[in-house]
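A quick write-up on the structure given underneath.
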Amino acid sequence: MKSTSTRYGTVAVTIHWISALLILALLGPGFRAAGLADSAAKASLLSVHVPLGVAILVLTLARLVWWGFGDTKPKPVAGDPAWQTASAKAVHVLFYVVILGMAASGIGMVVLSGAGQSLFAGASASLPDFHDYAPRLPHGLGARFMVALLFLHIGAALYHHFIKKDGLIGRMWFD
């Protein structure tokens, strides 16, 4: 269950891959909903988007608690230059910052706009224009930043796997 100096444990691996799949599943409906004028279609997408966002928030908080109290991360890959190790750490920290910021701004939009009734209580009221609410801007910017971080993260993993061939991806997979 716990990580070793060379591999991530089952708990960390499970949280990582569930989070990754949920983030990928969340981005499509989020970007699609942002461009829709049809309130019913937007509500349909957001009724999936919002619970996925809450699930990612819960998983992220669980991951932070796990790292803080239950486990330690493996050592950086041997032989990597210091700038790569620092970059990897920065990307991981930024993931946490963006995920928490996206959750806060998403919750802020739902609360401030009163959209919760339309999304979850089956109320027939139309959705508000989320652009009228301050959390909309950081939420949209955070989504774009998340995409950039995903490209960096996946690109680095593929670089390690196909170019360096150092087994990095195997550290974040099940035994």
TODO: With springs connecting C-alpha atoms under 10 Å apart, model the chain as a Gaussian network and identify which of 135, 29, 81 has the largest mean-square fluctuation.
DONE: 81
TODO: Determine the calculated [θ] at 222 nm for the chain from helices alone, applying -39500 (n - 2.57) to every DSSP H run no shorter than 4 residues and normalising by the residue count; nearest 500 deg cm²/dmol.
DONE: -22500 deg cm²/dmol
Task: Two-decimal log10 I(q)/I(0) for region 1-91, as the Debye equation yields it once each C-alpha is a single scatterer, q = 0.22, 0.23 Å⁻¹ - done: -1.06, -1.11
TODO: Bin width 10 Å, alpha-carbon pairs only: give the P(r) of region 77-163 as whole percents, running from 0 to the bin holding the largest distance.
DONE: 16, 34, 23, 15, 10, 2
Open item on the list: For region 10-171, what does the relative contact order come out to in percent, with C-alpha contacts under 8 Å and a separation of six or more?
Closed with: 21 percent
TODO: Starting from the exponent 0.38 and prefactor 2.2 Å, build the expected Rg for the chain from its residue count and divide its actual Cα Rg by it.
DONE: 1.17
Task: Computed FRET value (nearest 0.05) for residue 80 with residue 134, which takes r as the C-beta separation and R₀ as 41 Å - done: 0.50
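Every read-out reported here was derived from the displayed coordinates using simple, explicitly stated rules and does not represent laboratory data. Not measured: the values here are computed from a predicted model. Neighbour counts are summed over all protein chains in view; Cβ atoms, including those assigned to glycine, are modelled from backbone coordinates with ideal geometry.
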